[in-house]
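Below is one structure, written out as structure tokens; comments come after it.
Derivation of every value follows stated rules applied to the coordinates shown; laboratory data play no part. On a predicted model such as this, the values are computed, not experimentally measured, just so you know. Reconstructed Cβ throughout: ideal geometry from the backbone, glycine too, with neighbour counts over all protein chains shown.
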Amino acid sequence: MKYRVDLKSLKTEIERKGFQSVEELSEKSRINERELTLVLDGKNLPAMDIMVELASALELTPEKANEIFFNRIIRNTYKKERHFGDGKKGF
């Protein structure tokens, strides 16, 4: 099962808490500003410590943090994407 960060919901929570800049959130969450920018731009998946710091800074409930950081990617496993270019079935 694959997961992704729900960036739209994360950014909504950042705005809800009144953060005006990445620098401000970086200071509050104690996350390196560059690393935080990469996460917010969707270029890096956050490590567990970053998720914990963000959840704390944003005062997220465990349920909301789970919803944001472990958003499941729905896949249609029936599609031919299970087959690779060599014609063999993949697992």
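Numbers for the structure displayed
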| quantity | calculated |
| --- | --- |
| Rough spin-label spacing in nm, given labels placed 7 Å along Cα→Cβ, for Arg4 and Arg30 | 3.1 |
| Per-bin percent of Cα-Cα distances, segment 1-72 [10 Å] | 21, 62, 16, 1 |
| Cleavage-rule hits, chymotrypsin sites (Phe, Trp or Tyr not before Pro), segment 1-73, DSSP coil, Cβ neighbours within 10 Å at most 15 | Phe70 |
